[in-house]
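K.L.:
Dumping the structure here so I can ask a few things about it.
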Amino acid sequence: LAAPSPTTAVPYMSVKCIDLRRNHHKSKWLMPWGDKACEKLKDFDEAVSRQIEANDIVFSVHVPLPNKEMSPWFQFMLFIMQLDIAFKMDNDLKENAEVTLDVSLAYRDDVLEEWREMTHAVEIRKLKCTFGSPKTAESEGRHYDCEFLPFMEMGSVAHKYYLINIRLPVNERKGINVGIGEIKDIRLVGIHQNGGFTKVWFAMKTFLTPSILIIMIWYWRRITLMTRPPVLLEKVIFALGISMTFINIPVEWFSIGFDWTWMLLFGDIRQGIFYAMLLSFWIIFCGEHMMDQNERNRLSGYWKQVGPIAVGSFCLFIFDMCERGVQLKNPFYSIWTTEVGTELAMAFIIVAGICLCLYFLFLCFMVFQVFRNISGKQSSLPAMSKARRLHYEGLIFRFKFLMLITLACAAMTVIFFIVSQVTEGHWKWGDITIQVNSAFFTGIYGMWNLYVFALMFLYAPSHKNYGEDQSNGDLGVNSGEELQLTTTITHVDGPTEVYKLARKEAQE
């Protein structure tokens with residue numbers, strides 16, 4: 001609640017500059033305003049009257065707006081472009097028109113410095129425009145309704161000022177920028193993370209890292225004190241703790257002082273590993289508590305469920321490398337610019353969403369089975385002594401509570417994944433807009449940490465030893481049956497009591 005919304009969108013209107021030099025030398029940067037402002041054009045009618053060709057016009061955008069400066073706290077910059085195209089009878093927008101952009105990006109950290117080139121690229125974007133009125137002489141001058149175009153994405157904001165120069169080179173012989181209608185203006189929308197949100201995010205990570213690390217060390221020490229080897233469930237909980245620590249470590253602090261453009265990609269990889277680990281853990285967690293399952297305490301027994309998660313995670317990693325990986329070299333690249341790329345990207349997000357929903361339904365089914373089995377176990381409680389019965393009733397209540405928390409956590413994670421994918425993609429495919437507030441991001445992140453913390457706390461092996469008479473006598477079983485609780489574990493000091501309880505039912 002203390003943080004502002006995660007991102008801010010700032011609209012920029014490009015200024016049309018005249019560049020009348022013959023060879024369009026790259027070292028000359030055209031500023032839209034200020035002391036060294038370029039010679040401006042009001043509109044293209046003025047260009048026609050002054051006989052200025054399209055190749056001599058440069059659309060210039062300065063980021064940020066006047067009297068402001070960018071900051072490393074903004075973490076990333078994403079730009080989308082909108083073209084204002086007017087209808088003209090003699091210069092109509094043809095079907096599947098493509099616009100070729102010759103784009104240069106420069107930076108400086110002081111208003112007195114010279115601009116230094118950061119990158120230069122020639123990019124092609126497909127125009128998707130509709131015209132609401134009939135294409136007659138009366139409609140001349142009306143604007144097309146054009147979709148947003150992905151323009152640029154940068155993984156760090158290391159400098160204070162940026163300058164974007166865009167040319168629309170025309171070459172009729174090669175068909176470059178022909179049949180794209182009459183472009184009146186180029187608008188950009190710059191999206192960056194809010195500095196206030198970044199500070200809250202960093203503070204959370206810095207606080208949570210030692211918390212999880214301490215409980216993880218305590219948990220593993222408890223397990224190593226046992227005379228038996230750790231069981232599968234304990235290993236998986238520890239692995240989940242490691243992946244949570246990996247996502248927690250606040251390496252982002254370094255992005256304030258260093259120009260690390262790969263931070264976005266690194267963040268995606270960290271989150272992907274955690275997602276894969278969390279989804280695999282839930283399957284194994286429920287499976288290990290199913291009474292009628294024979295293949296227990298072995299990872300190989302879960303290959304059918306864990307295999308698809310691993311394959312899906314790998315596919316998402318490849319997809320991410322195709323987009324963010326290439327952007328490390330060329331920030332103007334986007335997988336959404338080509339027809340195939342857009343279809344692939346959309347297919348990836350839709351399939352991932354459907355698979356997650358199916359996974360959640362499967363998880364609900366497994367939890368239902370576990371509940372049914374535990375309820376069956378409760379029928380044997382009245383035969384026990386009061387102290388023992390209360391002990392087991394408490395265990396069962398805690399276990400059911402943990403199962404419900406697991407389901408709630410799974411549901412929120414699935415919603416978070418789908419919403420974050422849509423939020424990231426909505427600028428790229430147009431009209432869908434979702435405003436996600438900070439509480440959602442920080443809440444989900446805090447929930448994961450609390451969940452992992454609680455798991456380690458509840459599943460750490462107990463150091464309390466019940467006396468031989470107490471554990472066997474009160475349960476009303478002989479020592480042979482007691483040993484049956486630990487069929488796949490070599491020593492009697494088995495894992496947690498809920499786990500023992502589940503085993504006994506399985507044996508029966």
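K.L.:
What's the ranking of 123-135, 161-173 by average number of surrounding C-beta atoms within 10 Å, highest first? The partial results should precede the final answer.
P.N.:
Details: 123-135: 14.0, 161-173: 17.4.
Per-residue Cβ counts within 10 Å, averaged per peptide and sorted highest first, yield 161-173, 123-135.
K.L.:
Positive end of the dipole of region 196-459, charges at C-beta (+1 Lys, Arg; -1 Asp, Glu), about the Cα centre: which of PHE207, ILE309, TRP262 has its Cα farthest in that direction?
P.N.:
PHE207
K.L.:
Another one. I want to check the label-to-label distance for MET447 and SER420. Put each point 7 Å from Cα in the C-beta direction and report it in nm to one decimal.
P.N.:
Label-label distance for MET447 and SER420, simple model: 1.2 nm.
K.L.:
Per residue, what volume in Å³ does the Cα convex hull of region 196-459 take up?
P.N.:
Working: hull volume 42.6 nm³, N = 264.
Hull volume over Cα atoms, normalised by residue count, gives 161 Å³.
K.L.:
Additional query: With unit charges on the beta carbons (Lys and Arg positive, Asp and Glu negative) and the dipole taken about the Cα centre of region 1-142, which residue among MET81, LEU20, PRO4 sits farthest to the positive side?
P.N.:
PRO4
K.L.:
What are the equivalent ellipsoid semi-axes of region 8-193, built from the alpha-carbon gyration tensor (square roots of five times its eigenvalues), in whole angstrom, biggest first? Don't skip to the answer; put the middle values down first.
P.N.:
Values: eigenvalues 169, 76, 43 Å².
Taking √(5λ) for each eigenvalue gives 29, 19, 15 Å, largest first.
K.L.:
Given a Förster distance of 22 angstrom, what is the FRET efficiency for ASN171 paired with LYS94, based on the Cβ-Cβ distance and rounded to 0.05? Walk me through the intermediate numbers first.
P.N.:
Values: r = 16 Å, r/R0 = 0.73.
Between ASN171 and LYS94 the formula returns 0.85.
K.L.:
If you average over every viewing direction, what projected area does the convex hull of the Cα atoms of region 222-344 give, in nm²?
P.N.:
Computed as one quarter of the Cα hull surface, the answer is 11.0 nm².
K.L.:
Go through region 352-369 residue by residue and turn each phi into a ³J(HN,Hα) via Karplus (6.51, -1.76, 1.60, θ = phi - 60°); whole Hz please, and just put x for glycine and proline.
P.N.:
So the Karplus estimates, Gly and Pro as x, are 4, x, 5, 4, 5, 5, 5, 4, 4, 5, 4, 5, 4, 4, 5, 5, 4, 5 Hz.
K.L.:
Under a plain spin-label model, where a point goes 7 Å from the Cα along Cα-to-Cβ, how far apart in nm are LYS28 and PHE401?
P.N.:
7.4 nm
K.L.:
Moving on. Would you please give the FRET efficiency between CYS364 and LYS128, computed as 1/(1 + (r/R0)^6) with r the Cβ-Cβ distance and R0 = 41 Å, to the nearest 0.05? Mind dumping the intermediate values first?
P.N.:
Details: r = 40 Å, r/R0 = 0.97.
Once the sixth-power term is evaluated, E becomes 0.55.
K.L.:
For Cα pairs less than 8 Å apart in space and 6+ apart in sequence, what is the mean separation divided by the residue count of region 8-193, i.e. the relative contact order in percent?
P.N.:
On the way: 401 pairs, mean separation 68.3, N = 186.
Averaging sequence separation for qualifying contacts and normalising by length gives 37 percent for region 8-193.
K.L.:
Which FRET efficiency value, to the nearest 0.05, is calculated for GLU53 and GLU339 with the Förster distance at 41 angstrom and r the Cβ-Cβ distance? Walk me through the numbers on the way to the answer.
P.N.:
On the way: r = 31 Å, r/R0 = 0.76.
FRET efficiency, GLU53 to GLU339: 0.85.
K.L.:
Another question, then. Distance cut-off 21 Å, Cα to Cα: go down the list LYS184/LYS329; LYS128/LYS329; LYS135/LYS174; LYS68/LYS205; LYS94/LYS174; LYS16/LYS184 and report the pairs above it. Intermediate results must be reported in sequence, preceding the final value.
P.N.:
On the way: LYS184/LYS329 31 Å; LYS128/LYS329 27 Å; LYS135/LYS174 27 Å; LYS68/LYS205 29 Å; LYS94/LYS174 16 Å; LYS16/LYS184 10 Å.
Long pairs (Cα-Cα over 21 Å): LYS184/LYS329; LYS128/LYS329; LYS135/LYS174; LYS68/LYS205.
Read the figures in this text as sums done on the coordinates, not as results from a lab. Quantities reported herein were computed from a predicted structural model and do not represent experimental measurements. Please note: Cβ atoms are built from the backbone with ideal geometry, for glycine as well, and neighbour counts cover all protein chains shown.
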